[in-house]
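Report on the structure given below.
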Amino acid sequence: MTTDIALKGIPISTEEMANMLFAATQEVFTSMLGSELRQLPEPPAEQSGSFDGVLSLVGLAGSLIGNGSLACTAEAACEMSSRLLMTEFKNVDDEVLDALGEIANMVVGGFKNLLEPTVGRLQISIPSVIYGKNIATRDAKAGVALGVCCGFAGGEFAVKVRLAPARE
Amino acid sequence: MRTEPPNLLIVDDSTAIRKILLRVLSQTGLQLGRVLEAGDGQEALKQMEGNDISLILSDINMPNMDGLELLRALRGSPDWRDVPVVMITTEGGQARVEEAVQLGATSYVRKPFNADLLRDKLASLLTK
């Protein structure tokens, strides 16, 4: 599959990167949350436009620049945190936000590790987490954006990566 | 020969990971002394002062002072150059692993990790 990014001299398709993103997410959920993951065909309904919930962002820099994110409802965030920390969370608090930042960090870090042999060394930032209502994201026109929608026993969420070649 | 239970230091900017590592350590079945926590390398160096730390578990990507800078500082210190340091990080690239090993990391564990394997590794390091 040839994509915009492949045409710019980066030898990888969005389909391959989407597979890497799902593989990295699956590893986090299996190893750290003890939960199987399934890929969903469509984004969770509440995330097709703006949504209420949690958005965790991790920056990427190096031969490519951009970021990776994980978006979910408050309920799914509490479920993920409960599984990660083996403590029940009913509401989004600092611990839940920290846990969601760490989950995004591991997902984007794992994706980065899978991508590096093809595109060269990349670095990731520390995570930022946003919690609120009517969260809307917009992708830059340059580069590519790819996402994977996932389901686990505690809910659904979306992971997304936006990448563009670094300027010379 | 050491007779007192070992003191440990966990260095990670994520409280979630610190909590998980505390749980893994409690599952080793070993008698441990104090387990101190730090959110970055600078805090870790402060915690090292006056505490007899036997093992450090450290992340790499942290604000203020990252795990590799911490490692460099520890290995440059006459008091702390021999303290074992296990890097626990999402950074799985070969270059980063080699950099950490060259700086004197005792062991390298990539996140996400299998808690059982990490528990066994830590138990092995603590009983050496």
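Ranking A:S81, A:I65, B:A105 by how far each Cα lies toward the positive end of the dipole of the protein assembly as shown (charges on Cβ) leaves B:A105 at the top. Counting, for every residue in A:104-114, the Cβ atoms of other protein chains within 10 Å of its Cβ and taking the mean gives 4.
Considering only beta bridges that DSSP places wholly inside chain B, some 0 percent are antiparallel. By the rule of a C-alpha distance below 13 Å, with chain neighbours fewer than 8 residues away ignored, the aspartates and glutamates paired with B:K128 are B:D120. Only residues of region B:41-71 count here: report those whose backbone N is under 19 Å from the spot 7 Å along Cα→Cβ of B:S124, or say none. Flagged as within label range: B:55-58. Of the cross-linked pairs A:K133/B:K111; A:K133/B:K19; B:K19/B:K121; A:K90/A:K112; B:K46/B:K121, those separated by over 24 Å at the C-alpha level are A:K133/B:K111; A:K133/B:K19; A:K90/A:K112; B:K46/B:K121. Within the shell defined by Cβ-Cβ distances under 13 Å, the residues around B:A16 carry a net charge of -4, with Lys and Arg each +1 and Asp and Glu each -1. Once C-alpha pairs closer than 8 Å and six or more residues apart are averaged by separation and normalised to the residue number of region A:4-165, the relative contact order reads 36 percent.
Packing around the peptides B:32-41, A:106-115, B:113-122, taken as the average count of other Cβ atoms within 10 Å per residue, puts them in this order, highest first: A:106-115, B:32-41, B:113-122. Taking the helices alone, chain A has a mean residue ellipticity at 222 nm of -12000 deg cm²/dmol, built from -39,500 (n - 2.57) per DSSP H run of at least 4 residues and averaged over all its residues. Exposure proxy ranking for B:E4, B:E69, based on other Cβ atoms within 10 angstrom of each Cβ and starting from the fewest, stands as B:E4, B:E69. Dipole size of the protein assembly as shown about its Cα centre, with +1 on Lys/Arg Cβ and -1 on Asp/Glu Cβ: approximately 440 debye, rounded to the nearest 20. Beta bridges from DSSP with both residues in the protein assembly as shown: antiparallel share about 70 percent, rounded to the nearest 5.
Remark: the Cα gyration tensor places chain B in the rounded category, a/c being less than 1.5. In region B:7-126, a dipole from Cβ-located charges (positive for Lys and Arg, negative for Asp and Glu) runs towards its positive end, and of B:N64, B:Q31, B:S14 it is B:Q31 whose Cα lies farthest in that direction. Multiplying the residue separation of A:S13 and A:A166 by 0.36 nm and subtracting their alpha-carbon distance yields 53.4 nm. Relative to the current alpha-carbon distance between B:E99 and B:D82, full extension at 0.36 nm per residue lengthens the span by 4.4 nm. A simple spin-label model places pseudo-atoms 7 Å from Cα toward Cβ; at B:L22 and A:D93 they are separated by 1.3 nm. Take each residue in A:78-87, count the other chain C-beta atoms within 10 Å of its C-beta, and the mean is 2. This model, with +1 at the C-beta of Lys and Arg and -1 at the C-beta of Asp and Glu, gives chain A a dipole about its Cα centre of some 620 debye. Region B:1-72 and region A:77-102 have Cα centres spaced 22 Å apart. Other residues lying with their Cβ under 9 Å from the Cβ of A:G68 contribute a combined charge of +3, Lys and Arg counting +1, Asp and Glu -1.
Throughout, read-outs are computed from the coordinates displayed, never taken from laboratory work. Note that this is a predicted model, so its numbers are computed, not measured. Every residue, glycine among them, receives a Cβ derived from its backbone with ideal geometry; neighbour counts consider all protein chains shown.
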